[in-house]
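Worksheet for the structure shown next.
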Amino acid sequence: MGVGRPPVLYVMPVAWDKQFLGRSPMFEPLRPAGAALARLDVWPGLCDYQQLVDSACGPILCGSGLPLRVVPQGERADRFCEQYEPRVYLAGELQTRAQNWHDLFNVLAWVTFPRAKAAINARHYFVAQGQPRGNRGAVRDLLTLFDESGVVLACADRRLERLLKDFRWRELFWQRRHEVEAGMKFYLFGHALYEKALRPYVGMTGKGIVLAVTKELLERRLEAQLPELDERLALLFRNQGALSCPRDLHPVPVLGVPGWTADNEREAFYANTRYFRPGRIAPQPPAE
């Protein structure tokens, strides 16, 4: 989230569904963190969210190193220190709304990717400190985009990475389908994207970061994959020279990922160029 919480553009019904993590393979990264929620017949309270945080394998710390605490959302704040990201950084307070899918997924993302979330929080804080009020800037736009709609792409095959970066979707997801299943794995990161996954739709697109990995990592159990990916992401976000604007993130039409919807079991699904777009057009050199 940014310094001021951006408006939620995708509103889900508030009805509780304790089996939500089993709805789709898109929720797989959150299953270890959220397994306890399957025992609840009603919406979890903020104390349940705090228990998820406290039950994690290691302490979950905000960007400044304070323990993360789930607190009710306050009124919109004008003072910098009371705004969303500064309050997380300065007090460890994660403002959270009750009976709200968006905020539930944010808590689960903190438990699943604690180091990366803390690094994003710290970078938000320090970049915002050096900017005039109301001027978000490219770095904070990037941080918010990934925090809300990020996808981690763990890739053990540089040829597949090239296809993705070149927007060659049909070749990547259909013609090289078996290679993708063996050498590339997609993990949703953004909590807004998880919210959309409750009711996926054509047009649903993430913002990806590619991490080069070994096949050995992709063959590990999920619980052994996530910490390494989390630390790799955290290192990227801590690096002031990396990831400086939204164009550093790669568009990912997530319903194209093999196995993520029954519709993509047909080649014709990838013919929709309004969804599987051909990519950015490079600027032409000036005529002489």
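Some values worked out for this structure:
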{"quantity": "Lone unmet requirement of (1) out of contact with any Lys or Arg (no Cβ under 6 Å at 6 or more places or on another chain); (2) over 18 Å from M184 (Cα atoms) for L229", "calculated": "(2)"}
{"quantity": "Members of the range 184-213 that are farther than 25 Å from D141 by Cα and part of a strand (DSSP E or B)", "calculated": "M184, K185"}
{"quantity": "Enumeration of residues in the range 239-282 that are basic (K, R), outside any helix (DSSP H, G or I) and closer than 24 Å to Y194 by Cβ", "calculated": "R274, R277"}
{"quantity": "Among the residues listed as E161, E216, E223, the single one being loosely packed, with under 15 Cβ neighbours inside 10 Å, part of a helix (DSSP H, G or I) and touching a residue at least 40 places away in the same chain (Cβ under 8 Å)", "calculated": "E223"}
{"quantity": "One residue from P44, P59 being closer than 17 Å to A234 by Cα and either in a loop (DSSP other than H, G, I, E, B) or modelled with pLDDT under 95 (or both)", "calculated": "P59"}
{"quantity": "G259 being farther than 30 Å from R123 by Cβ and touching a residue at least 12 places away in the same chain (Cβ under 8 Å)", "calculated": "yes"}
{"quantity": "So L198, is it surrounded by fewer than 23 Cβ atoms within 10 Å (Cβ to Cβ) and outside the structural domain of G92 (by TED's automatic domain parsing)", "calculated": "yes"}
{"quantity": "Number of the exception - N106 against (1) among the polar types (S, T, N, Q); (2) under 30 Å from L218 (Cβ atoms); (3) not in a helix (DSSP H, G or I)", "calculated": "(3)"}
{"quantity": "Boolean, F173 is under 25 Å from A268 (Cα atoms) and in contact with a helix residue (DSSP H, G or I) (Cβ under 8 Å, 6 or more places away or on another chain)", "calculated": "yes"}
{"quantity": "Any chance R170 is assigned to a loop (DSSP other than H, G, I, E, B), of a type in the set (K, R) and on the phi < 0 side of the Ramachandran plot", "calculated": "no"}
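The values are calculated or read from the model by the stated rules, or taken from the named source; none is laboratory data. Note that the structure is predicted; figures quoted are calculated from it, not measured. Quick reminder, even Gly has a Cβ in these numbers, built from the backbone with ideal geometry, and neighbours come from all protein chains shown.
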